[in-house]
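All remarks here apply to the structure that follows.
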Amino acid sequence: MSKVANMEKQERGKIDYWGQKGFILMHFAPLLAFLPNIHVTFSDWMICISLYFIRMFFVTGAYHRLFSHATYKTSRAFQFFMAFGAQSSVQKGILHWAANHRVHHKYSDTPKDPHSKKIYGFYYSHVGWILGPDYKETKFNLIKDYAKFPELVWLNKYHLIPPAILLVGIYIFGGYINTPDAELSISAIFSNGVSTLVIGFFLSTVLLFHGTFSINSLMHMFGNKRYESNDESRNNLLLALITLGEGWHNNHHYYMNTVRQGFYWWEIDITYYVLKILSWVGLVWDLKPVPKHIKDSRNVMEAKELMLKSLEQKKTSLT
């Protein structure tokens, strides 16, 4: 690595733990479930699982496929709804997230990539970059296509409003369903809602953090490479299920301008299926497909590999 690259790496490696104390404390909140006066219920776990997958759809369908890559179109009202849902994941503002992701694609697995596992190692690629300098300010110059909407700029600035509303709603709803009808009262609801808050909101949020971040770290470590994408991105079925389709990461890095990341019918892409259903009812439209020449390029690569193997076998036999 060049001297300049090393300087960039050292500068990006500074981590401000105190400045991100809220993010760190979030990881300790689920441990409150072990307190003797908190009784976790089956409903709490169902809410936790539901909130994980619902918000994962907003992360993948809004943060990523809409605002980062503009792979489909929608109305201004539904655009705001998608942004609001995405920010309920507590992953900062919609413009902030998308602009940072565009940097990742432009400089993937180089020193300028804010979360390259190849350059900065697993820890920094997974979570360290959030605690570092790249994640503080919104790069408005990289997100001008959506920064022209004042409601998105406002939402980006007050990015904690969506999760705060969700937190209060889950607290009250959980307390209500955890309280028997005979004991229903305001005090009982607030008392019985603590377990839902801890498991339903905080635990699902922490799981969502690491489900999302696994694409930056694990998806550049484990899986298969179908395409030569000039980086370490890979395809992985398990992570595709966990992230509703984002696990087809090598596909995505090879060609990012399609709404579908599972290029073939056997590659499960739940976010794409949901967006397709939404297109049937007119909420979204102009879903960008996978071009035929992109799919065919896989066959070109396979033919190249077969040719190289054949040449190697001939060379061996001659020797």
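The values are calculated or read from the model by the stated rules, or taken from the named source; none is laboratory data. What you are looking at is a predicted structure, and each value in this text was computed from that prediction instead of being measured. Heads up, the Cβs are rebuilt from the backbone with ideal geometry, glycines too, and the neighbour counts pull from every protein chain shown.
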Search result, residues across segment 240-253 that are farther than 13 Å from Gly223 by Cα and crowded, with 22+ Cβ neighbours inside 10 Å = Thr243, Leu244, Gly245, His252, His253
Taking Tyr63, is it at pLDDT 95 or above, more than 22 Å from Lys139 (Cα to Cα) and among the aromatic types (Phe, Trp, Tyr)?
-> no
Has segment 18-33 got any residue that is of a type in the set (A, V, I, L, M, F, W, C), modelled with pLDDT of 95 or more, surrounded by 15 or more Cβ atoms within 10 Å (Cβ to Cβ) and closer than 20 Å to Val168 by Cα?
-> no
Requiring at least 1 residues that are more than 28 Å from Phe23 (Cα to Cα), the helices (runs of 4 or more DSSP H) wholly within segment 177-264 are 186-192, 237-242, 249-254
Qualifying position, being modelled with pLDDT of 90 or more and aliphatic (A, V, I, L, M), among Leu306, Leu311, Leu275 = Leu275
Among the residues of segment 166-174, is any touching a His at 6+ places or on another chain (Cβ under 7 Å) and either outside any helix (DSSP H, G or I) or under 23 Å from Gly85 (Cα atoms) (or both)?
-> no
Would you mind telling me which numbered condition in (1) crowded, with 21+ Cβ neighbours inside 10 Å; (2) over 24 Å from Phe28 (Cβ atoms); (3) over 15 Å from the mean Cα position of the chain (by Cα) Phe222 fails?
-> (1)
Return yes when Ile15 is closer than 24 Å to Val103 by Cβ, at pLDDT below 90 and either crowded, with 18+ Cβ neighbours inside 10 Å or hydrophobic (A, V, I, L, M, F, W, C) (or both) and no when it is not.
-> yes
Those residues of segment 248-275 that are closer than 24 Å to Ser75 by Cβ and touching a Lys or Arg at 6+ places or on another chain (Cβ under 9 Å) come to a total of 9
Residue check: is Thr179 modelled with pLDDT of 90 or more, surrounded by 15 or more Cβ atoms within 10 Å (Cβ to Cβ) and not aliphatic (A, V, I, L, M)?
-> no
Do you know which of the residues in segment 35-90 that are surrounded by fewer than 16 Cβ atoms within 10 Å (Cβ to Cβ) and of a type in the set (D, E, K, R) is farthest from Val153 (Cα to Cα)?
-> Lys73
Gly247 fails exactly one of (1) of a type in the set (Gly, Ala, Ser); (2) touching a residue at least 60 places away in the same chain (Cβ under 8 Å); (3) under 18 Å from His126 (Cα atoms), namely (2)
Give me the pairs, please: first residue somewhere in segment 263-274 and in contact (Cβ under 8 Å) with a residue 60 or more places away in the chain, second residue anywhere and not in a loop (DSSP other than H, G, I, E, B), beta-carbon distance under 7 Å, and either six or more positions apart or on two chains.
-> Thr271/Phe57; Thr271/Thr60; Thr271/Gly61; Thr271/Arg65; Val274/Phe57; Val274/Gly61
Those residues of segment 256-300 which are charged (D, E, K, R), loosely packed, with under 15 Cβ neighbours inside 10 Å and within 17 Å of Ala62 (Cα to Cα), in sequence order = Asp286
